[in-house]
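Step one of this worksheet: look at the structure below.
Nothing in this text is a laboratory measurement; each read-out follows from the coordinates by a stated rule. Just so you know, these numbers come straight off a predicted model, no measurement behind them. Cβ coordinates were reconstructed from backbone atoms using ideal geometry, including for glycine residues, and neighbour counts include every protein chain displayed.
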Amino acid sequence: MTLGEVKENYGKLKLFINGEWVESGSGEILESVNPATGAPIATFPCATAEEADAAVDAAQSALALWKKVPVRDKARYLFDLRGKFEEHADRLARILVQDHGRTMGQAVGTVRRCIENIESACSALLLLTKGDYVSELARGIDQAMYWEPRGVFLIITPSNIPMHAWSSYVPYAIASGCPVIVSPSPEDPVCAQAVFEVCQEVEGFPPGLFNLVYGGKDVNRRILDNPLVKGVGFIGSSRVGRLLFNQAGALGKEASINGNGKNHVVLMPDTDIDAAVTGLLSSCFGMAGQRCLGSDNILIVGDERYEEFKEAFVKAAAAMKLGYGLDQSTELGPLVSARGKQNVLDFIEKGLGEGAGLILDGREVKVNGYEEGFFLAPSIFENVTADMFIARNESFGPVANLIRVKDLDEALDLINNKDNLGHSACIFTKSGSIARRFTKEADVGNIGLNVAIPQPYAFFPLGSKNESAQGCAKSRIDSMRLFLDQKTVTERWV
């Protein structure tokens, strides 16, 4: 069954500043396309410097208003936001398919993650914003510690998880008392508009609490430079994240930076092959390989199961159905952009040039009716060695590398090498002792045991480390540490 599009075209998008949709005065207008069809579905403006400043001023005005709202009312408004996401879940999912390229199942799951983050933020508002108090710390002296919102924050969301990244920061900012300016990726702006339309329906949020601007690095730099902005939450590439981290540090501002990952899945000789193949189809090829917690490198320990796994994995990957995600039988959608597709094609060429063997080639796929879409079928390399470019860099596409290792020591050495980005690693095994050792020795922030995507729930942080994350806090519930600051009060009344 193929579902209908919410709209064929969303027209010229507007900015959302101080609680109103604003027609931009910018002369720089960009185009958003449906990655499955290649057809335009919207245009949107790059905000001017004056519009970026107006968004910051609106957020600063909202800060004073939001501080005065009682905690129980803030919680009710956030619960109302959760209800609005439930009400619009199908619409949001279909827009995500059309604007980003997800399958419908993946899009429904994404909206569910957004709802879970809002639920988690509601809980954090009621539990994590409470302070501490000690009576009679010394004779006649009491002491208290209060949590206070730091102020206005810039939130930058990436092209691969536009809605999920929004929910990984914004509900927590609001729960902490911090207004936001959201700057989405130029590759899927319709998703951002849809989320803000839902937020606008909640009665009680003051104008300026949420603001939306488009524009990319120049707009982001100007907003972060503004003295009223206290920090930035970012999910995207490590390169851009490092620039933002350095800018924030030079300005004395807070930052939560989540960057690239080069993730690994280890298959021990006792692996349940069927379970591993099922998990790896999603991990390596789900979301067309554009998943932060997905994996490129599959490390097969020993030789005895290699051919068995390879045959099963290649067969299952080759059978995946490509198509437009609104067709509910589709298993693999397009890349989010033509540029993203070309980057993956260049990555595959790099692997071939290094001598890796391409045992499944997904480059020349054609999807009937969607010939202009940005589709790639799964590609699988073997004879990949640890020193190759493709073994050390993220493909960000539907590409998997089969790497033979002699034992767990060699697998851990590869995971923990000097180029380790520190995002995630998984292992399939029936041995508790091996799993325990892997958990302790793999130098990454997210571990999976007999799962191929180690997705933390909303009330856990995304535990990336090393080059995959910088700053004072991780995303999701841990971002409360980004948005809240401490104040102590020492008092004597006797």
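Give me the extension gain from Leu228 to Glu203: residue separation times 0.36 nm, minus the current Cα-Cα distance, reported in nm with one decimal. Write out the running numbers ahead of the final one.
On the way: separation 25, 0.36 × 25 = 9.00 nm, distance 2.61 nm.
Separation in residues times 0.36 nm, less the Cα-Cα distance, equals 6.4 nm.
Loop sites only, by DSSP: take the chymotrypsin sites (Phe, Trp or Tyr not before Pro) in the chain that have at most 11 other C-beta atoms within 10 Å and name the longest stretch containing none of them. Present the calculation step by step, with values, prior to reporting the outcome.
Values: sites that count: Tyr457, Trp493.
Between the exposed loop sites, the longest stretch runs 1-456.
Find the all-direction average of the projected area of the Cα convex hull for the range 290-368, expressing the result in square nanometres with one decimal place. Kindly include the intermediate steps, with their values, before the conclusion.
Details: hull surface 27.4 nm².
Quarter of the Cα hull surface area: 6.9 nm².
Remind me, relative contact order of the chain in percent, using alpha carbon pairs under 8 angstrom and six or more residues apart?
Working: 1139 pairs, mean separation 98.0, N = 494.
The value is 20 percent.
Give the residues of the range 66-99 whose amide nitrogen is closer than 18 Å to a point set 7 Å from the Cα of Val489 in the direction of its Cβ.
Residues 67-72 fall inside that zone.
In Å, what is the Rg of the alpha-carbon atoms in the range 264-457, and how long is Dmax?
16.0, 51
To the nearest whole percent, what portion of all C-alpha pairs in the range 242-339 is separated by more than 23 angstrom? Provide the component values of the computation, followed by the final result.
On the way: 2114 of 4753 pairs.
Across the range 242-339, Cα pairs with separations above 23 Å total 44 percent.
In the range 316-373, which trypsin sites (Lys or Arg not before Pro) fall in coil by DSSP and have 14 or fewer other Cβ atoms within 10 Å?
Within the range 316-373, the qualifying trypsin sites (Lys or Arg not before Pro) (loop, at most 14 other Cβ atoms within 10 Å) are Lys321, Arg363, Lys366.
Only bridges whose two residues both fall in the chain count here: according to DSSP, what percent of them are antiparallel, nearest 5?
Details: 29 of 68 bridges.
Counting DSSP beta bridges with both partners in the chain, the antiparallel share is about 45 percent.
Please sort by residue number the trypsin sites (Lys or Arg not before Pro) in the range 405-494 whose DSSP state is loop and whose Cβ has at most 14 other Cβ atoms within 10 Å.
Passing sites in the range 405-494 are Lys406, Lys418, Lys430.
Give me the dipole magnitude in Debye, nearest 20, for the range 187-234 about the Cα centre, with unit charges on the beta carbon: positive for Lys and Arg, negative for Asp and Glu. Please report the intermediate quantities before stating the final value.
Working: 4 positive and 7 negative charges, 74 e Å.
Magnitude of the dipole: close to 360 debye.
Can you pull the Rg over Rh of the range 67-111, Cα-only, Kirkwood?
Checking Rg against Rh, the ratio lands at 1.21.
Size of the dipole of the range 264-457 about the Cα centre, Lys and Arg at +1 and Asp and Glu at -1 on the beta carbon, nothing else charged, in debye to 20?
In total the dipole reaches around 440 debye.
Residue by residue through the range 382-387, what is 3J(HN,Hα) from phi via Karplus (6.51 cos²θ - 1.76 cosθ + 1.60, θ = phi - 60°)? Round to whole Hz and write x for glycine and proline.
Result, rounded to whole Hz: 10, 6, 8, 10, 5, 8.
Distance cut-off 19 Å, Cα to Cα: go down the list Lys217/Lys253; Lys14/Lys341; Lys465/Lys487; Lys315/Lys406; Lys262/Lys350 and report the pairs above it. Spell out each step's value before the answer.
Numbers: Lys217/Lys253 17 Å; Lys14/Lys341 28 Å; Lys465/Lys487 28 Å; Lys315/Lys406 25 Å; Lys262/Lys350 16 Å.
Over 19 Å apart, Cα to Cα: Lys14/Lys341; Lys465/Lys487; Lys315/Lys406.
5 Å is the cut-off here: which amide hydrogens, built 1.01 Å from N in the peptide plane, fall below it relative to Leu360, excluding neighbours closer than 5 in sequence?
Amide H neighbours of Leu360: Ile380.
Amide H neighbours of Asp419 under 5 Å, counting only residues 5+ apart in sequence or on other chains, H built in-plane at 1.01 Å?
Hits under the 5 Å cutoff: none.
Please compute the contact order of the range 264-457 in relative form: average sequence separation of alpha-carbon pairs under 8 Å and at least six residues apart, divided by the residue count, as a percent.
Numbers: 371 pairs, mean separation 56.6, N = 194.
Relative contact order of the range 264-457: 29 percent.
Tell me which trypsin sites (Lys or Arg not before Pro) from the range 8-75 have a DSSP coil assignment and no more than 15 other beta carbons within 10 Å of their own.
Working: sites: Lys12, Lys14, Lys67, Lys68, Arg72, Lys74; in loops: Lys14, Lys68.
Of the trypsin sites (Lys or Arg not before Pro), the ones in loops of the range 8-75 whose Cβ has at most 15 other Cβ atoms within 10 Å are Lys68.
Largest first and to the nearest Å, give the Cα extent of the chain along each principal axis.
The principal-axis extents, from largest down, are 77, 60, 40 Å.
Name the residue farthest towards the positive end of the dipole of the range 264-457 from the options Pro378, Met287, Gly362, assuming +1 on Cβ of Lys and Arg, -1 on Cβ of Asp and Glu, about the Cα centre.
Going by the charge dipole, the pick is Met287.
Counting helices only, and only those DSSP H runs with n ≥ 4, report the 222 nm mean residue ellipticity of the chain as the sum of -39,500 (n - 2.57) divided by its residues, in deg cm²/dmol to the nearest 500. Please list the in-between numbers first.
Numbers: 15 runs with 184 residues, N = 494.
So the helix-based figure for the chain works out to -11500 deg cm²/dmol.
At a Förster radius of 22 Å, what calculated FRET efficiency corresponds to the Cβ-Cβ distance of Lys130 and Phe79, to the nearest 0.05?
Working from the Cβ atoms, E equals 0.75.
Taking the Cα centre as origin and putting +1 on Lys and Arg beta-carbons and -1 on Asp and Glu beta-carbons, what dipole magnitude results for the chain, to the nearest 20 debye? Provide the component values of the computation, followed by the final result.
On the way: 50 positive and 62 negative charges, 244 e Å.
Approximately 1160 debye in magnitude.
Answer with one residue from Leu243, Ala194, Leu137: the one whose Cα lies farthest towards the positive end of the charge dipole of the chain, charges on Cβ with Lys, Arg +1 and Asp, Glu -1.
Sorting the options by dipole projection puts first Leu137.
With label points built 7 Å along Cα→Cβ from the Cα atoms of Ile141 and Asp419, find their separation and express it in nm.
My value for the distance between the label points is 5.6 nm.
Please turn the phi angles of the range 138-148 into ³J(HN,Hα) values with the Karplus equation 6.51 cos²θ - 1.76 cosθ + 1.60 (θ = phi - 60°), one per residue in order, whole Hz, x for glycine and proline.
9, 4, x, 10, 10, 9, 10, 10, 10, 9, 10
Give the Debye-formula value of log10 I(q)/I(0) at each listed q (0.19, 0.20, 0.21 Å⁻¹), with one equal scatterer per alpha carbon of the range 379-494, two decimals each.
So the normalised log intensities are -1.15, -1.23, -1.31.
Would you work out which of Ala165, Ser24, Gly83 lies farthest towards the positive end of the dipole of the chain, given +1 charges on the beta-carbon of Lys and Arg and -1 on that of Asp and Glu, about the Cα centre?
Gly83
One-quarter of the Cα convex hull surface for the range 19-173, in nm²?
Values: hull surface 48.6 nm².
Averaged projected area of the range 19-173's Cα convex hull equals 12.1 nm².
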